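No value in this document is a laboratory result; all are computed from the given coordinates. It should be emphasised that the depicted structure is a prediction, and the values quoted were computed from it without experimental measurement. Because the Cβ atoms are built from the backbone with ideal geometry, glycine has one as well, and the counts that use them run over all protein chains shown.
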Amino acid sequence: MSLDMEKARVAWNLIYNDMLVSDTEQGLVECYGQHAVRYDQYIKDIGYRMPAKTAKLLMKYGNLGPESEVLDVGAGTGILGTKLRELGYRGEIDGLDGSSGMLKIAESRKLYRNLVQQFLTADCALDVGDVMYDAIASVGVFSAVHVGASVTRCLFNHVKSGGVVIISYRVNETTIGDTEFIAELKDTINSICDKGKASVIAELSTDFFGVNFFADDPSKPCPGLCLCLRKT
Ligand SMILES: C[S@@+](CC[C@H](N)C(=O)[O-])C[C@H]1O[C@@H](n2cnc3c(N)ncnc32)[C@H](O)[C@@H]1O
């Protein structure tokens with residue numbers, strides 16, 4: 001899919017210079033809410049690829065059927081739900097996000113069973129009652145400025161034994177914060193796996209965005225990684 005570079009540049013600037021303009025995690029979630037109605041267009045214009053790739057991996061590794069329950073952590077406007085339905089998934093999808101504005105758009109898609117507003121913090125419990133999911137995915141949420149690496153552990157408390165957890169994140173190391181976040185996430189995953197609680201079943205290096213205005217050549221994709229784990 002070829003992108004209109006001028007449109008992409010405008011959308012990139014809107015995202016990084018107009019939308020994500022708070023220094024705090026809570027403030028950033030509010031920023032998403034304020035721009036929720038424009039979010040899908042912005043990220044379409046920069047060639048956001050991760051929800052589609054993550055949905056494919058969920059279908060490949062999740063053993064999902066009509067009785068399955070999937071949780072989308074940081075569901076935003078519900079793009080992952082759309083991609084799962086496009087691939088023929090007919091089971092339940094729940095979503096959780098800190099922004100009511102983003103969730104309102106997700107709700108309008110009528111693809112999710114429950115949508116929960118919760119601001120995630122280190123080592124918090126997910127506000128999903130006693131549901132043990134077949135699969136949990138989080139796309140574009142774990143990052144230096146959003147949800148921290150320690151929240152990974154919480155996800156495993158809400159997935160069945162044998163179930164899948166997929167974390168899809170940007171690996172473009174543009175700031176020291178990004179580099180530190182990626183190292184911390186790797187340490188956290190290693191520690192979960194070393195304790196025998198899960199194992200890595202796939203790591204897909206892929207394009208996060210189709211463009212990258214952080215880099216010298218913006219026409220090259222911004223890299224991302226989909227990390228797939230299976231709970232023991
Ligand atoms: C880049 S968007 C990704 C949304 C969706 N997963 C997608 O791929 O389009 C990041 C989302 O994470 C949510 N978020 C960021 N930090 C959060 C936090 N600490 N707790 C809950 N949600 C958070 C934002 O509200 C936003 O909807």
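If r is the Cβ-Cβ distance from R153 to D40 and R0 is 25 Å, what FRET efficiency results, to the nearest 0.05?
Efficiency, from the Cβ-Cβ distance: 0.25.
Put one equal scatterer on each alpha carbon of segment 116-197, apply the Debye formula with no solvent term, and list log10 I(q)/I(0) at q = 0.18, 0.26 1/Å to two decimals.
Values, matching the q order: -0.78, -1.43.
Throw me the Rg/Rh for the chain, computed over C-alpha atoms with Kirkwood Rh, two decimals.
Answer for the chain: 0.94.
Can you pull out the GluC sites (Glu not before Pro) in segment 1-99 whose DSSP state is coil and whose Cβ has at most 12 other Cβ atoms within 10 Å?
E67
At a threshold of 8 angstrom on Cα-Cα distance, excluding pairs fewer than six apart, so keeping six or more, what relative contact order does the chain reach in percent? Mind dumping the intermediate values first?
Numbers: 465 pairs, mean separation 43.4, N = 232.
Value for the chain: 19 percent.
Excluding G163 itself, calculate the net charge of residues whose Cβ lies under 11 Å from the Cβ of G163, where each Lys or Arg counts +1 and each Asp or Glu counts -1.
+1
Can you compute the FRET efficiency between S199 and R90 using 1/(1 + (r/R0)^6), with r the Cβ-Cβ distance and R0 = 25 Å? Round to the nearest 0.05.
FRET efficiency, S199 to R90: 0.35.
Okay, helix-only estimate at 222 nm for the chain: each DSSP H run of n ≥ 4 adds -39500 (n - 2.57), divide by all residues, round to 500 deg cm²/dmol; what do you get? Display every interim value, and only then the final one.
Details: 8 runs with 83 residues, N = 232.
Value at 222 nm, helices only: -10500 deg cm²/dmol.
Which of the helices in the chain, when you take each full DSSP H run, stretch at least 24 Å along the axis at their Cα atoms and have an average Kyte-Doolittle score of -0.5 or higher?
Helices passing the filter in the chain: 176-194.
Which ³J(HN,Hα) values, rounded to whole Hz and listed in residue order, are derived for segment 209-226 from phi using the Karplus coefficients 6.51, -1.76 and 1.60 in 6.51 cos²θ - 1.76 cosθ + 1.60 with θ = phi - 60°, glycine and proline given as x?
10, x, 10, 8, 7, 6, 9, 5, 10, x, 7, 8, x, 7, x, x, 9, 9
Could you give the alpha-carbon Rg of segment 69-119 over 2.2 N^0.38 Å, rounded to two decimals? Spell out each step's value before the answer.
Numbers: Rg = 9.7 Å, N = 51, 2.2 N^0.38 = 9.8 Å.
Output field value: 0.99.
Taking the Cβ-Cβ separation of N17 and S191 as r and a Förster radius of 41 Å, what is the calculated FRET efficiency to the nearest 0.05? Kindly include the intermediate steps, with their values, before the conclusion.
Details: r = 36 Å, r/R0 = 0.89.
So, using R0 = 41 Å, E works out to roughly 0.65.
Extending each Cα 7 Å along its Cβ direction at K7 and E30, get the distance between those two points in nm, one decimal.
That separation, rounded to one decimal, is 3.3 nm.
Taking a ≥ b ≥ c as the square roots of the eigenvalues of the Cα gyration tensor of segment 1-134, is the shape rounded (a/c under 1.5), prolate (a/b larger than b/c) or oblate?
Taking the square roots of the gyration eigenvalues as a ≥ b ≥ c, segment 1-134 is oblate.
Once phi is turned into ³J(HN,Hα) by the Karplus curve 6.51 cos²θ - 1.76 cosθ + 1.60 with θ = phi - 60°, what whole-Hz value does each residue of segment 15-23 show in order, with x for glycine and proline?
So the J values, rounded to whole Hz, are 5, 8, 10, 10, 8, 8, 10, 10, 8.
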